[in-house]
Amino acid sequence: MTNNELPDWAAYYRHTLGREPRPLFTRGMAAVRAAKVAPGQAVEIGFGDGTETLALLAEGWRVFGIEVTPGAVDVLRARVAADAEDLLELRIGAAQDVALPAFDLLYAGYSLSFIDPGRFATFWARLRDALRPGGFLILNIFGTNDSWAGDPTMTFVGRDDLDRLFDGLEVLDLQVEDADGPSFGGPKHWHVFDVVARRPVA
Ligand SMILES: C[S@@+](CC[C@H](N)C(=O)[O-])C[C@H]1O[C@@H](n2cnc3c(N)ncnc32)[C@H](O)[C@@H]1O
């Protein structure tokens with residue numbers, strides 16, 4: 001994955017296949033379990049190799065998965081247990097073009113920043129509308145210090161933007177990475193906001 005050129009997502013999935021669920025996902029799901037929320041409707045945006053969708057299915061969640069890369073759907077379908085197939089609904093398309101079902105949990109790992117900045121506000125408003133009372137958001141988004149900031153096709157947020165996005169939600173966990181590190185495309189500066197938030201029940 002490199003900046004300023006189309007990412008080679010197929011190569012990325014080969015690289016990530018077999019990984020553990022992302023730490024953000026694991027933290028978020030611990031919060032969901034601690035709140036004793038029963039598995040309901042989940043959404044995953046940009047599921048990639050499908051690791052987190054498989055984990056949600058294994059816990060009994062229905063999953064509505066959205067991916068812009070058609071090959072990801074093939075990678076995921078080949079990994080789904082036969083008895084979980086009925087719980088899974090997949091859409092190939094850009095998240096900003098897909099109607100979201102009402103949901104109790106949304107996970108998006110390293111995918112939301114790939115949404116066109118001109119479409120992000122409308123996308124986010126639809127996402128907030130579809131989030132049920134008591135529902136969870138477990139997601140990350142790149143910050144303005146990231147090496148890739150400046151790519152006009154991607155969305156980056158500052159801390160004030162982040163506060164506005166989560167206005168009215170209970171932020172249960174916020175971790176900020178702002179450091180150099182490795183990536184699939186080589187070393188870069190990562191600026192990433194990891195957020196676990198919940199819409200108040202009432
Ligand atoms: C960096 S990968 C992350 C994949 C996976 N969530 C993970 O943590 O390994 C970003 C994923 O988002 C997908 N993607 C990019 N733009 C998207 C969009 N607008 N809507 C839905 N998926 C998108 C890509 O195809 C890719 O699979």
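The values are calculated or read from the model by the stated rules, or taken from the named source; none is laboratory data. The shown structure was predicted, so the numbers you read here are calculated from the model rather than taken from an experiment. When we count neighbours, we look across all protein chains shown, and the Cβ atoms used for this are built from the backbone with ideal geometry, even at glycine.
One line per residue, one yes/no per condition, for (1) assigned to a strand (DSSP E or B); (2) β-branched (Val, Ile, Thr); (3) in contact (Cβ under 8 Å) with a residue 24 or more places away in the chain; (4) out of contact with any Leu (no Cβ under 6 Å at 6 or more places or on another chain):
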residue: PRO133; (1), (2), (3), (4): yes, no, yes, yes
residue: ILE138; (1), (2), (3), (4): yes, yes, yes, yes
residue: ALA149; (1), (2), (3), (4): no, no, yes, yes
residue: ASP163; (1), (2), (3), (4): no, no, no, yes
residue: GLU177; (1), (2), (3), (4): yes, no, no, yes
residue: ASP180; (1), (2), (3), (4): yes, no, no, yes
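Mind checking which pairs have a first residue in region 58-74 that is under 20 Å from ALA99 (Cβ atoms) and a second that is of a type in the set (D, E, K, R) and surrounded by fewer than 19 Cβ atoms within 10 Å (Cβ to Cβ), Cβ under 7 Å, 6 or more apart or different chains?
PHE64/GLU89; ILE66/ARG91
For the subset of region 97-113 comprising residues that are of a type outside the set (D, E, K, R) and loosely packed, with under 14 Cβ neighbours inside 10 Å, which member is farthest from the ligand (Cβ to nearest atom)?
Applying the first criterion (of a type outside the set (D, E, K, R)) to region 97-113 yields 98-103, 105-113.
Then keep just the ones that are loosely packed, with under 14 Cβ neighbours inside 10 Å; that gives 99, 101-102.
On the way: ALA99: 13, PRO101: 15, ALA102: 19 Å.
Within region 97-113, the match that is farthest from the ligand (Cβ to nearest atom) is ALA102.
Every residue, every condition in (1) under 16 Å from the mean Cα position of the chain (by Cα); (2) of a type in the set (A, V, I, L, M, F, W, C); (3) closer than 15 Å to ALA42 by Cβ; (4) buried (at least 19 other Cβ atoms within 10 Å of the Cβ), yes or no:
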{"position": "ALA72", "(1), (2), (3), (4)": "yes, yes, no, yes"}
{"position": "ASP83", "(1), (2), (3), (4)": "no, no, no, no"}
{"position": "ARG91", "(1), (2), (3), (4)": "yes, no, yes, no"}
{"position": "ALA95", "(1), (2), (3), (4)": "yes, yes, yes, yes"}
{"position": "TRP124", "(1), (2), (3), (4)": "yes, yes, no, no"}
{"position": "LEU131", "(1), (2), (3), (4)": "yes, yes, yes, yes"}
{"position": "ILE138", "(1), (2), (3), (4)": "yes, yes, yes, yes"}
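If we keep just the residues of region 40-88 that are among the hydroxyl-bearing types (Ser, Thr, Tyr) and closer than 23 Å to PRO23 by Cβ, which is nearest to the ligand (Cβ to nearest atom)? Please lay out each step first, then the result.
Of region 40-88, the ones among the hydroxyl-bearing types (Ser, Thr, Tyr) are 51, 53, 69.
Imposing the further condition that a residue be closer than 23 Å to PRO23 by Cβ reduces the set to 51, 53.
Values: THR51: 7, THR53: 9 Å.
That would be THR51.
Yes/no matrix, rows are residues, columns are (1) farther than 18 Å from VAL32 by Cα; (2) modelled with pLDDT of 95 or more; (3) within 16 Å of the ligand (Cβ to nearest atom); (4) basic (Lys, Arg):
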{"residue": "ILE115", "(1), (2), (3), (4)": "yes, yes, yes, no"}
{"residue": "PHE120", "(1), (2), (3), (4)": "yes, yes, yes, no"}
{"residue": "ARG126", "(1), (2), (3), (4)": "yes, yes, yes, yes"}
{"residue": "PRO133", "(1), (2), (3), (4)": "no, yes, no, no"}
{"residue": "PRO152", "(1), (2), (3), (4)": "yes, yes, yes, no"}
{"residue": "ARG164", "(1), (2), (3), (4)": "yes, yes, no, yes"}
